[in-house]
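Encoded as structure tokens, the structure appears first; notes follow it.
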Amino acid sequence: MASNHVLLKREGPVVVVTLNRPDKMNALNKEILEEFKKLLDVLETDRVARAIVLTASGEKAFCVGADLKERQGMNEKDVLLRLEMVRSLYLRWERLAIPSIAALNGIALGGGLELALVCDLRIAAENVVLGLPETELGIIPGNGGTQRLTRTVGLSRAMEMVLLAKRLTAQEALNWGIVNHVSAPGQLLKDAMAWANKIAEAGPIAIQQAKKAIQRGKEKPWEEALQWEVECYKPCLYSKDRLEGLRAFTEKRKPSYQGE
């Protein structure tokens, strides 16, 4: 996929996506969002990739959210249309069958943190600062931040972070459960790729169904959630991959999954 602000690179079964607007702290303007949409068109039909790593160019920022200089030239209707666009893009990313890992190389604020929360896993460099500072600007997180953060850290923590416009260090974000791991200097992409390749080694149908079971089951009442888990199990049960996993275990070898 040819573009300037969103780069795609394939490393075996792993797709590395890079936000590439470092001179603007990878802020989200119209152009980068349009390229992100084209990327989603590619990923939604991808039958080869088994994991995605989402990161950004530069050392300062993963993404600082909306491009505020661009936002100054937008009226209320324009802003609402932009919110709807971003909400739709983030929801499409969240619903990708391919699991994604956000590799946070720098500051993740506002819509940048909201984008990271859309990913299934998050790894942060140890110098990272995260936050939803929108209330300082007279607005609220408008691209899923209030909802996804609450589902990630709980009501009290979400209130604290949003109402106080609180910034967290990488270690604090780890303690709160916002990120899954903090990487040592120079290790961020290595750690993210190690996780992505570990996912890629597993049965792709199982990975997709596990993601679906967790992601959508959390919103259901308890007994419905348990039944939903069974429904998500069935595609694995009737797959060739399940039989291959059993054979590989018996034969004491590494399985060769085909996603069938």
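The values are calculated or read from the model by the stated rules, or taken from the named source; none is laboratory data. This structure is a prediction, so every number in the text was calculated from the model and none was measured. Every residue, glycine as well, gets a Cβ built from its backbone with ideal geometry; the counts of neighbours run over all protein chains shown.
Rundown of residues vs (1) β-branched (Val, Ile, Thr); (2) modelled with pLDDT of 95 or more; (3) farther than 16 Å from Gln215 by Cα, yes/no style:
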site: Ala49; (1), (2), (3): no, yes, yes
site: Ala56; (1), (2), (3): no, yes, yes
site: Glu59; (1), (2), (3): no, no, yes
site: Ala66; (1), (2), (3): no, no, yes
site: Glu76; (1), (2), (3): no, no, yes
site: Arg95; (1), (2), (3): no, yes, no
site: Ile98; (1), (2), (3): yes, yes, no
site: Gly106; (1), (2), (3): no, yes, yes
site: Val118; (1), (2), (3): yes, yes, no
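Within 17 Å of the chain's Cα centre (by Cα) and modelled with pLDDT of 95 or more - does that describe any residue in segment 154-165?
no
Just give me the residues in segment 41-57 being part of a loop (DSSP other than H, G, I, E, B), free of Cβ contacts under 8 Å to residues at least 60 places away in the same chain and within 21 Å of Leu121 (Cα to Cα), in sequence order.
Glu44, Asp46, Val48, Ala49, Ser57
Output the number of the condition that Ala158 fails; it satisfies all remaining conditions of (1) small (Gly, Ala, Ser); (2) touching a residue at least 24 places away in the same chain (Cβ under 8 Å); (3) out of contact with any strand residue (DSSP E or B) (no Cβ under 8 Å at 6 or more places or on another chain); (4) in a helix (DSSP H, G or I).
(2) is the only condition that Ala158 fails.
Filter segment 173-192 down to residues that are part of a loop (DSSP other than H, G, I, E, B) and within 27 Å of Arg151 (Cβ to Cβ) and give me whichever is farthest from the chain's Cα centre (by Cα).
Gly177
Suppose we filter Ala116, Ala124 for residues that are of a type in the set (Gly, Ala, Ser), assigned by TED's automatic domain parsing to the domain that holds Thr18 and part of a helix (DSSP H, G or I); which single one remains?
It is Ala116.
Restricting attention to segment 87-124, and to residues there that are touching a helix residue (DSSP H, G or I) at 6+ places or on another chain (Cβ under 7 Å) and β-branched (Val, Ile, Thr), which single residue is nearest to Asn20 (Cα to Cα)?
Ile101
Starting from segment 15-40, keep only residues that are crowded, with 19+ Cβ neighbours inside 10 Å, then list their pairs with residues that are assigned to a helix (DSSP H, G or I) and among the acidic types (Asp, Glu) whose Cβ atoms are within a distance under 6 Å, requiring at least 6 positions of separation or different chains.
Close Cβ pairs (under 6 Å, with a partner that is assigned to a helix (DSSP H, G or I) and among the acidic types (Asp, Glu)) do not exist here.
Let's see how each residue does on (1) of a type in the set (Asp, Glu); (2) at pLDDT below 95; (3) outside the structural domain of Val128 (by TED's automatic domain parsing):
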site	(1), (2), (3)
Gln187	no, no, no
Lys211	no, no, yes
Gln227	no, no, yes
Gly245	no, yes, yes
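Being modelled with pLDDT of 95 or more, in contact with a His (Cβ under 6 Å, 6 or more places away or on another chain) and either surrounded by fewer than 17 Cβ atoms within 10 Å (Cβ to Cβ) or part of a strand (DSSP E or B) (or both): is that true of Ile140 here?
no
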